[in-house]
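The structure appears right after this line, and notes come after that.
The values are calculated or read from the model by the stated rules, or taken from the named source; none is laboratory data. If you're wondering where the values come from, they're calculated on a predicted model, not measured in any experiment. Methodologically, a virtual Cβ is constructed for each residue, glycine included, from the backbone with ideal geometry; neighbour enumeration extends over all protein chains shown. Ligands, DNA and RNA are excluded from the accessible area calculation, which covers all protein heavy atoms including side chains. Shrake-Rupley method; radii C 1.70, N 1.55, O 1.52, S 1.80 Å.
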Amino acid sequence: MIEKSSNSLQNNNQLIPLPPSTMSSSISINSSSDMRSNNSKSRRQNNNTSSSTKDLWERHFYQGYKADVCINTNNGGIVYAHSNILAMASPVLRGILKQANRCGRWRTISIIGVPHYVVLIFIRYLYTYSYEKEDMEEFVLHLLVLSHVYMVPHLKFECGQNLELGLLNIDNLVDVFQLALLCDAPRLSLICHRKILKNFKVVSESEGWKTMKLSHPLLEKEILESMIDEENIKKERIRKMKERKIYLQLYEAMEALVHICKDGCQTIGPYDKDLQANQPCKYSACNGLELLVRHFAGCKLRVPGGCVHCKRMWQLFELHSRLCVNSEECRVPLCRNFKQRISAQSKKDEIRWKILVEKILRTKGIGIASCFMQQ
């Protein structure tokens, strides 16, 4: 009886084996679905945890359970807080609490100079590291000052970022600039300074600018001086861009001159080359240089100083000679003659040409090219 019952029990509990392929697929499907479900659960748990933690600290602040600090504000307002939280969030408040007068378990400190509600927002931020968007928009300048005075860098960063991303406008630009200087916010002060220079005509008519002229005339003078410096820098930048354009044009003219005299271009070139008028040219300066060469060949006043166009052609020939690598084999007219005349020129002319060559090569960003080099 006992043996039969045990056998029947084993038969009833026996498992039916699955095929290997079915087992592996079922395991992989179950594991991937488990991972996705676990990830989604963890994300929901993290969100719920952060939200619930914030709510917990917010209730801890507003309910004031076992609070031991009494903060006096403007107009007789009072905010209750916990000394350990204030001390951990702000080193300045930690020092103030050490020196505060005790009355039983209570310590009394004062935060004045800003509205009572701003102090409430500030202390709440020390608990929750969060704020309401409407409060930040209305009291961003007050919160910037408090974050600097009590050394709360997270709040200071938030205030600066909100100002940069939309709260900064023409009306409060000058006020924010002055506060940024006082509160040691270099990035914010730089942004304000650039906006003032960019919109100076409108900013100079604002109430903030008029108030600053009366209260901080030295700051107004510094802004005006920086504006003059900015204009000079802008003019210098434009001048350098024009110079660079001229040097690039001269370099392209030198390339086109070698191209015309060596290979020929469309309707002008060496006598031993077969020219094709319809062949496109890759040098943009060829068209203008071709007209100049034709004028130079047929002009009756072809002496230096006799014709403006011919004078320009003489200068191009001389510039080429100072850039040419090998004047012995060069196909450009008068290249060797100008090379020989270099030693007979005055020192002043020699320095002027040398500076021009250096600037052309520096602008192009080369030291030695296939046709050109520094002398």
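Restricting the search to segment 322-338, which residues are of a type in the set (A, V, I, L, M, F, W, C), open to solvent by 40 Å² or more (accessible area, probe 1.4 Å) and at negative phi? First the steps, then the outcome.
As a first pass, look at segment 322-338 and keep what is of a type in the set (A, V, I, L, M, F, W, C): 323-325, 330, 332, 334-335, 338.
Imposing the further condition that a residue be open to solvent by 40 Å² or more (accessible area, probe 1.4 Å) reduces the set to 325, 334.
Scanning segment 322-338 gives a single hit, V325.
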Practice task
Identify all residues within segment 342-375 that are modelled with pLDDT under 75, β-branched (V, I, T) and open to solvent by 60 Å² or more (accessible area, probe 1.4 Å); write none if there are none.
Solution key: I368
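Here is a yes/no grid of residues against (1) open to solvent by 70 Å² or more (accessible area, probe 1.4 Å); (2) in contact with a Phe, Trp or Tyr (Cβ under 9 Å, 6 or more places away or on another chain); (3) modelled with pLDDT of 80 or more:
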| position | (1), (2), (3) |
| --- | --- |
| G288 | no, no, yes |
| Q315 | yes, no, yes |
| H320 | no, yes, yes |
| Q340 | yes, no, no |
Practice task
Tell me, yes or no, whether segment 182-194 has at least one residue that is surrounded by fewer than 20 Cβ atoms within 10 Å (Cβ to Cβ), more than 28 Å from the chain's Cα centre (by Cα) and either outside any helix (DSSP H, G or I) or among the hydrophobic types (A, V, I, L, M, F, W, C) (or both).
Solution key: no
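One line per residue, one yes/no per condition, for (1) touching a residue at least 24 places away in the same chain (Cβ under 8 Å); (2) buried (at least 16 other Cβ atoms within 10 Å of the Cβ); (3) in a strand (DSSP E or B):
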| site | (1), (2), (3) |
| --- | --- |
| I96 | no, yes, no |
| R102 | no, no, yes |
| R107 | yes, yes, yes |
| R124 | yes, yes, no |
| S130 | yes, no, no |
Problem - Scan of segment 109-122 for residues that are open to solvent by 50 Å² or more (accessible area, probe 1.4 Å) and either polar (S, T, N, Q) or over 26 Å from F177 (Cα atoms) (or both), ordered by number - result: S110
Problem - All positions within segment 324-337 that are modelled with pLDDT of 80 or more and assigned to a helix (DSSP H, G or I) - result: C335, N337
Exercise for the section: Inspect segment 318-335 for any residue being under 18 Å from I360 (Cβ atoms) and either out of contact with any helix residue (DSSP H, G or I) (no Cβ under 8 Å at 6 or more places or on another chain) or basic (K, R) (or both) and give the result as yes or no. Expected result: yes
Practice task
Being assigned to a helix (DSSP H, G or I) and open to solvent by 100 Å² or more (accessible area, probe 1.4 Å) is the filter; apply it to segment 195-209 and report the residue that is nearest to L146 (Cα to Cα).
Solution key: E207
Practice task
Take C281 and decide whether it is buried (at least 18 other Cβ atoms within 10 Å of the Cβ) and either at pLDDT 80 or above or not in a helix (DSSP H, G or I) (or both).
Solution key: no
Exercise for the section: Could you give me the residue pairs with C-beta distances under 6 Å whose first residue belongs to segment 227-238 and is surrounded by 10 or more Cβ atoms within 10 Å (Cβ to Cβ), whose second residue is assigned to a helix (DSSP H, G or I) wherever it lies, and which are 6+ apart or on separate chains? Expected result: M227/L197; E230/L197
Exercise for the section: State the number of residues belonging to segment 142-181 that are part of a helix (DSSP H, G or I) and open to solvent by 20 Å² or more (accessible area, probe 1.4 Å). Expected result: 19
